[in-house]
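**Student:** The structure that follows is given in the form of structure tokens.
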There are 2 protein chains.
Amino acid sequence: LHLNSAREQWWLEHLQSLLPDFDCRLWHDRGNDADIEYAVVWRLPEQGLTQLSNLKCIVSVGAGIDQLMGNRLLVPDVPIIRTTGAELTQRMREYVCLHVLRVHRDLDSVIRAQSEQRWRQSVTPVAGQRQVGVMGLGNLGRACAVALRELGFSVRGWARSEHQIDGVQTFAGPASLDAFLSGTDILVCMLPLTTQTENILNNSLFGQLTPGASVINVGRGGHLNEADLLGALNSGQLSSATLDVFREEPLPPDSTLWSHPKIMVTPHIASMIDPLSGGQRIAQNLQQFKAGQPVDDLVNPDRGY
Amino acid sequence: LHLNSAREQWWLEHLQSLLPDFDCRLWHDRGNDADIEYAVVWRLPEQGLTQLSNLKCIVSVGAGIDQLMGNRLLVPDVPIIRTTGAELTQRMREYVCLHVLRVHRDLDSVIRAQSEQRWRQSVTPVAGQRQVGVMGLGNLGRACAVALRELGFSVRGWARSEHQIDGVQTFAGPASLDAFLSGTDILVCMLPLTTQTENILNNSLFGQLTPGASVINVGRGGHLNEADLLGALNSGQLSSATLDVFREEPLPPDSTLWSHPKIMVTPHIASMIDPLSGGQRIAQNLQQFKAGQPVDDLVNPDRGY
């Protein structure tokens, strides 16, 4: 286990109790590298994992695996298992609905008016007149697209491959990206970070949204070109951005993103893994992998997620 | 028509175009009182409506009629028609979901942390572990209860009479109020204002919620005992209040509610009537009433809503 050091003892006991057939060890107390068959990690240890000569699989404590892929030379060529689960999906659904509604109903202006003690009424369009575009239609993206549709929004989805979602107009692949973006008022990025999706939130993309659109990024910091975002906010091409993920986390105190009046910064909390249910999912995945059973969270190495 | 004076000319033309068989007149230009058969009003004119000797019906431009009932002596004993409609329901659903999610995910603290440039992560329980209580299960209350359930919340509903809503535990009448309140983490008041519901949000009610609960009032200002609310917020019995309606509107600039750190004030915008679709609903109701057809929005005088 190579995890958040403040909680690692708790994790050790939690996982050991769920995995009685495994011998769980903390990274700095792992004994012989050759003993280690399974590595449960969030960020890579500094020296990587290649020294673990008998490694059979790596478990990433999160839905993304890009944090492992920063230096592929340090990651041995073994299967990688992500960690998903119903609670992760539920929390993401809550965050995305909250912030799409917040932008839709212009809550930021309502809060500002209160701080000025001003009674300022305005009618916003109903959700059906607001086009929300969801980029990424995996478990999380699909659940959010459905929830937004149930709230009454006009929802579109875009992903690498074809998807069918009742009541949601879907688009597949780079060739249909322009059609997907056209007319989008609120764009939600839930893509996995791959070489194809890096920097996808850039000036050219912003220019294809409805003028004054808003962007919500719950994918990865690497999806966003920050300089392009600041330019689009300052020109008015975009009205607001809600950012939960950043190239460097925690976001450094001197980042200009913190205090930009049109940016809401949230500290990578859209969908945190609750250690209790996250631990159960990790244990279940490891047991299925060890028994040679199919593992839903197994990463497809060709896709990279 | 006795409406918002800034827009009355627009309303006159809009309603006249939708009601070619009616002769629409503004209040201050109405000619003989005896000519008037239908009165479309928001607040009562100062002298009331009793001088209209041939009045057949009053239309209230809103879902509530309590603003007409402040002095019943000024309201002739004729049928009253409210104004509801799909857009009103949709906007209310958006507002209630937005603010329940805001409270649930503690967005106020997230915003505060950003203003202090602090990266402060915390995991909130999933919605299923949060009990939301909806008071009032008319068109609006029912739609909100269903939407909250679809978002994953554990939802209860309370109303004067029995209601059945899939997946929502319902309670009817004063005798079951205590059972309904017990364990409620977020309480949403969507009741009509009647002599039975006035001041229902008081100290005794707050004391029956989960300690640290939050209250959202989208009913009427008269539902809330403000002194009791301030006491419950200051003692910690309540964590927050979100108020869209007030005893005096606009909320006076010197009200202490504006600047209380645990209160969000919104200027009666939960569900505004859009003049376009609201006018269509009013015209449809008047035409059905004139033709002797049933009118969904007709007020039941025994219930008072």
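**Student:** Carbon-plus-sulfur fraction of the accessible area of chain A, 1.4 Å probe, in percent? It would help to have the intermediate numbers written out before the result.
**Tutor:** Details: 6250 of 13320 Å².
About 47 percent, which is the carbon plus sulfur part of the accessible surface.
**Student:** How much accessible area per residue does region B:262-305 have, in Å², with a 1.4 Å probe?
**Tutor:** Working: 2090 Å² over 44 residues.
Result: 48 Å² per residue.
**Student:** Restricting attention to region B:98-193, which trypsin sites (Lys or Arg not before Pro) occupy a DSSP loop and are surrounded by at most 16 other Cβ atoms within 10 Å? Don't skip to the end; give the middle numbers.
**Tutor:** On the way: sites: B:ARG102, B:ARG105, B:ARG112, B:ARG118, B:ARG120, B:ARG130, B:ARG142, B:ARG149, B:ARG156, B:ARG160; in loops: B:ARG105, B:ARG118, B:ARG120, B:ARG130, B:ARG160.
Here the trypsin sites (Lys or Arg not before Pro) that fit, given the DSSP loop and packing criteria, are B:ARG118, B:ARG120.
**Student:** Rounded to the nearest 10 Å², what accessible area does B:LEU205 have for a 1.4 Å probe in the complete protein model?
**Tutor:** 10
**Student:** Quantify how strongly other chains surround peptide A:110-122 by giving the mean number of their Cβ atoms within 10 Å of each of its Cβ atoms. Could you put the intermediate results ahead of the total?
**Tutor:** Details: counts 5, 6, 0, 5, 9, 3, 1, 9, 4, 12, 3, 7, 3.
Counting Cβ atoms of other protein chains within 10 Å of each residue's Cβ and averaging gives 5.
**Student:** How would B:TYR305, A:TYR95 line up by accessible area, probe 1.4 Å, largest first? Don't skip to the end; give the middle numbers.
**Tutor:** Details: B:TYR305 55, A:TYR95 5 Å².
Sorted by accessible area, descending: B:TYR305, A:TYR95.
**Student:** Let me check against my output: what whole-number percent is the relative contact order of chain B, with C-alpha pairs under 8 Å and at least 6 apart? Walk me through the numbers on the way to the answer.
**Tutor:** Numbers: 497 pairs, mean separation 48.9, N = 305.
This gives 16 percent for chain B.
**Student:** Tell me the volume per residue, in Å³, of the convex hull enclosing the alpha carbons of chain A.
**Tutor:** Working: hull volume 46.1 nm³, N = 305.
Hull volume over Cα atoms, normalised by residue count, gives 151 Å³.
**Student:** Which distance in nm do the two modelled labels at A:GLU8 and A:SER161 give, with both placed 7 Å along the Cα-to-Cβ direction?
**Tutor:** 3.7
**Student:** Can you spot the lysines whose alpha carbon is less than 26 Å from A:LYS262's alpha carbon? Ignore those fewer than 8 places along the same chain.
**Tutor:** Filter leaves B:LYS262.
**Student:** Let me ask another. For A:LYS56, which lysines qualify as cross-link partners when the Cα separation must be under 30 Å and same-chain residues fewer than eight apart are set aside?
**Tutor:** Candidates past the 8-residue exclusion: A:LYS290.
**Student:** Of the residues A:GLY128, A:GLY212, A:GLY141, which exhibits the maximal mean-square fluctuation in a Gaussian network model of chain A defined by a 10 Å Cα contact cut-off?
**Tutor:** Top of the fluctuation ranking is A:GLY128.
**Student:** Test of understanding: in a Gaussian network model of chain A with alpha carbons linked when under 10 Å, which of A:LEU140, A:LEU148, A:LEU52 would top the mean-square fluctuation ranking?
**Tutor:** A:LEU52
**Student:** Loop only by DSSP, 15 or fewer other Cβ within 10 Å of the Cβ. Give me the GluC sites (Glu not before Pro) in region B:1-81 that pass, ordered by residue number.
**Tutor:** Values: sites: B:GLU8, B:GLU13, B:GLU37, B:GLU46; in loops: B:GLU37, B:GLU46.
Qualifying residues, ordered by number: B:GLU37, B:GLU46.
**Student:** Hey, what's region B:17-143 come to in accessible area per residue, 1.4 Å probe, Å²? Kindly include the intermediate steps, with their values, before the conclusion.
**Tutor:** Details: 5560 Å² over 127 residues.
Dividing the accessible area of region B:17-143 by its residue count gives 44 Å².
**Student:** Under the Karplus relation 6.51 cos²θ - 1.76 cosθ + 1.60, θ = phi - 60°, what is the ordered set of whole-Hz ³J(HN,Hα) values for region B:23-36, x standing for Gly and Pro?
**Tutor:** 10, 7, 9, 6, 3, 6, 9, 8, x, 5, 4, 6, 6, 7
**Student:** Ok, one more. With all protein chains present, calculate the accessible area of A:GLU198 using a 1.4 Å probe and round the result to the nearest 10 Å².
**Tutor:** Here the residue's solvent-accessible area equals roughly 90 Å².
**Student:** Net charge near A:SER154, counting Lys/Arg +1 and Asp/Glu -1 over other residues with Cβ under 10 Å of its Cβ?
**Tutor:** Numbers: positive: A:ARG130, A:ARG149, A:ARG156; negative: A:ASP185.
So the surrounding residues net to +2.
**Student:** Find the chain A residue whose Cβ sits closest to the rotation axis that carries A onto B, and give that distance in whole Å.
**Tutor:** Rotation axis A onto B, closest Cβ, rounded to whole Å: A:GLU150, 3.
**Student:** Here's another thing I want to ask about it. What figure in square angstrom, to the nearest 10, would you give for the accessible area of B:MET264 with a 1.4 Å probe?
**Tutor:** Rounded to the nearest 10, that gives 10 Å².
**Student:** Return the long-range amide H neighbours of A:TYR38 (sequence gap of 5 or more, or a different chain), with a cut-off of under 5 Å between placed amide H atoms.
**Tutor:** Distant-sequence amide H within range of A:TYR38: A:LYS56.
**Student:** Quick one: ranking A:HIS268, B:HIS28 by accessible area, 1.4 Å probe, largest first, what do you get?
**Tutor:** Numbers: A:HIS268 40, B:HIS28 130 Å².
Final ranking, largest accessible area leading: B:HIS28, A:HIS268.
**Student:** Another one. For chain B, give the share of DSSP beta bridges that are antiparallel, in percent and rounded to the nearest 5; count only bridges with both residues there. Don't skip to the answer; put the middle values down first.
**Tutor:** Values: 2 of 35 bridges.
About 5 percent, rounded to the nearest 5.
**Student:** Am I reading the B/A interface right? What is its buried accessible area, both sides, 1.4 Å probe, to the nearest 100 Å²?
**Tutor:** For chain B against chain A, roughly 4500 Å² becomes buried.
**Student:** Hey, rough spin-label estimate for A:ARG120 and A:GLN293, points 7 angstrom out along Cα→Cβ, what's it come to in nanometres?
**Tutor:** For the pair A:ARG120/A:GLN293, the computed spacing is 5.7 nm.
**Student:** Can you find, among B:VAL126, B:ASN300, B:LEU88, the residue farthest towards the positive end of the dipole of chain B? Put +1 on the C-beta of Lys and Arg, -1 on that of Asp and Glu.
**Tutor:** About the Cα centre, the residue reaching furthest to the positive side is B:VAL126.
**Student:** Sticking with this structure for a sec: Please compute the average number of Cβ atoms from other chains found within 10 Å of each residue's Cβ in peptide B:149-156.
**Tutor:** On the way: counts 0, 6, 8, 8, 1, 0, 0, 0.
The per-residue average across the peptide is 3.
**Student:** Ok, one more. When each pair of different Cα atoms in region B:154-243 is counted once in the 1/r mean, what is the Kirkwood radius in angstroms, to one decimal?
**Tutor:** Working: mean 1/r = 0.0753 Å⁻¹.
That comes to 13.3 Å for region B:154-243.
**Student:** Right, here's the next one. Under the definition of partner shielding as Cβ atoms of other protein chains within 10 Å of a residue Cβ, what is the mean value for peptide B:97-104?
**Tutor:** Across B:97-104, the average partner-chain Cβ count within 10 Å equals 5.
**Student:** OK, next. May I ask you to evaluate 6.51 cos²θ - 1.76 cosθ + 1.60, the Karplus curve with θ = phi - 60°, for each residue of region A:190-199 and list the ³J(HN,Hα) values in order in whole Hz, giving x for glycine and proline?
**Tutor:** Once θ is set to phi - 60°, the couplings for region A:190-199 become 10, 6, x, 8, 9, 4, 6, 9, 4, 6 Hz.
The values are calculated or read from the model by the stated rules, or taken from the named source; none is laboratory data. What you are looking at is a predicted structure, and each value in this text was computed from that prediction instead of being measured. Note that we place each Cβ from the backbone using ideal geometry, even for glycine, and neighbour counts take in every protein chain shown. In case anyone asks, the SASA skips ligands and DNA or RNA and just uses the protein heavy atoms, side chains included. Shrake-Rupley method; radii C 1.70, N 1.55, O 1.52, S 1.80 Å.
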